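**Student:** Could you have a look at this structure, given as structure tokens, before my questions?
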């Protein structure tokens, strides 16, 4: 099986149209607001679709995380919404995360990060988790890794798969995206693939309102105590989710996760 095949058979990207305007978090003079509106109306008119708790995809959910914490950063709020609705959520952590902090011995640090992830999963309502244990910084798009990912997907038989965006800059993030998006082309069943952002903003077509569970996402992020310095991932993630609400015109929607969703249709 060749994991390097770039084609993604049967996957059609679905873009939504959101006919609203920017609502900054601070008051704007009426004239400036009018100018912003005019500019947006003269633009392409294509905005990500806002998805509420009732609208998110249903069924068995599988989340691929390159390192312990990426899953919570990128889609922790949405994972919590799935769990609250009763969806089965499984997380697969691809690497051992041993290179995340240079001042601890690697074996101890990998164990620390694994336990942090388990604690975070409990906060989010994750029912199952798997640690593949690939080397941190060494994930490759190889046939063996593609088989590993494909086998994991088939065991869960998900309706929805979350994985990091192919626009991510970290080598493990990019490789994980390639492995997952390549593997789904070999599935015999339909599945929705949803890419999330971690350290690089993606070109989104879906926005999920996580305002109601943002505190729970922050509680899960707080479990990753080893990742709160030199910069706090909790603070950075909160800022990213707040920023993603910029294209929405509701003051009630304060925190948003952004995704790129596509649908894989099985080839008979």
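**Student:** Have a look at 234, 212, 226 and point out the one that is in contact (Cβ under 8 Å) with a residue 24 or more places away in the chain and in contact with a helix residue (DSSP H, G or I) (Cβ under 7 Å, 6 or more places away or on another chain).
**Tutor:** Result: 226 is the single residue among 234, 212, 226 that is in contact (Cβ under 8 Å) with a residue 24 or more places away in the chain and in contact with a helix residue (DSSP H, G or I) (Cβ under 7 Å, 6 or more places away or on another chain).
**Student:** Keeping to region 151-188, report how many residues are outside any helix (DSSP H, G or I), in contact (Cβ under 8 Å) with a residue 60 or more places away in the chain and either buried (at least 22 other Cβ atoms within 10 Å of the Cβ) or under 16 Å from the mean Cα position of the chain (by Cα) (or both).
**Tutor:** 9
**Student:** Of the residues 22, 91, which is more than 30 Å from residue 117 (Cα to Cα) and either modelled with pLDDT of 80 or more or part of a loop (DSSP other than H, G, I, E, B) (or both)?
**Tutor:** On the way: 91 fails: more than 30 Å from residue 117 (Cα to Cα).
The unique qualifying residue is 22.
**Student:** Right, another one. Identify, please: which residue in region 236-250 is assigned to a loop (DSSP other than H, G, I, E, B) and buried (at least 16 other Cβ atoms within 10 Å of the Cβ) and is, among those, nearest to the chain's Cα centre (by Cα)? Steps first, please.
**Tutor:** We begin by selecting, within region 236-250, every residue assigned to a loop (DSSP other than H, G, I, E, B); these are 244-250.
Next, only the ones that are buried (at least 16 other Cβ atoms within 10 Å of the Cβ) stay: 244-245, 247-248.
Numbers: 244: 13, 245: 16, 247: 19, 248: 20 Å.
Residue satisfying both the conditions and the ranking: 244.
**Student:** So, one more: Quick one: is residue 148 more than 21 Å from residue 221 (Cβ to Cβ), touching a strand residue (DSSP E or B) at 6+ places or on another chain (Cβ under 8 Å), at pLDDT 95 or above and outside any helix (DSSP H, G or I)? Reasoning before the result, please.
**Tutor:** Numbers: more than 21 Å from residue 221 (Cβ to Cβ): yes; touching a strand residue (DSSP E or B) at 6+ places or on another chain (Cβ under 8 Å): yes; at pLDDT 95 or above: yes; outside any helix (DSSP H, G or I): no.
So residue 148 does not fit the description; no.
**Student:** Moving to a separate point now. What single numbered condition from (1) surrounded by fewer than 20 Cβ atoms within 10 Å (Cβ to Cβ); (2) assigned to a loop (DSSP other than H, G, I, E, B) fails to hold for residue 126?
**Tutor:** (1)
**Student:** Run down 112, 58 and say which single residue is out of contact with any strand residue (DSSP E or B) (no Cβ under 7 Å at 6 or more places or on another chain), at pLDDT 85 or above and part of a loop (DSSP other than H, G, I, E, B). Explain how you work it out, then say what you get.
**Tutor:** Details: 112 fails: part of a loop (DSSP other than H, G, I, E, B).
None of the other options fit; the residue is 58.
The values are calculated or read from the model by the stated rules, or taken from the named source; none is laboratory data. All figures in this text were calculated on a predicted structure; none of them were measured in a lab. As a convention, Cβ positions derive from the backbone with ideal geometry for all residues, glycine included, and neighbour counts pool all protein chains shown.
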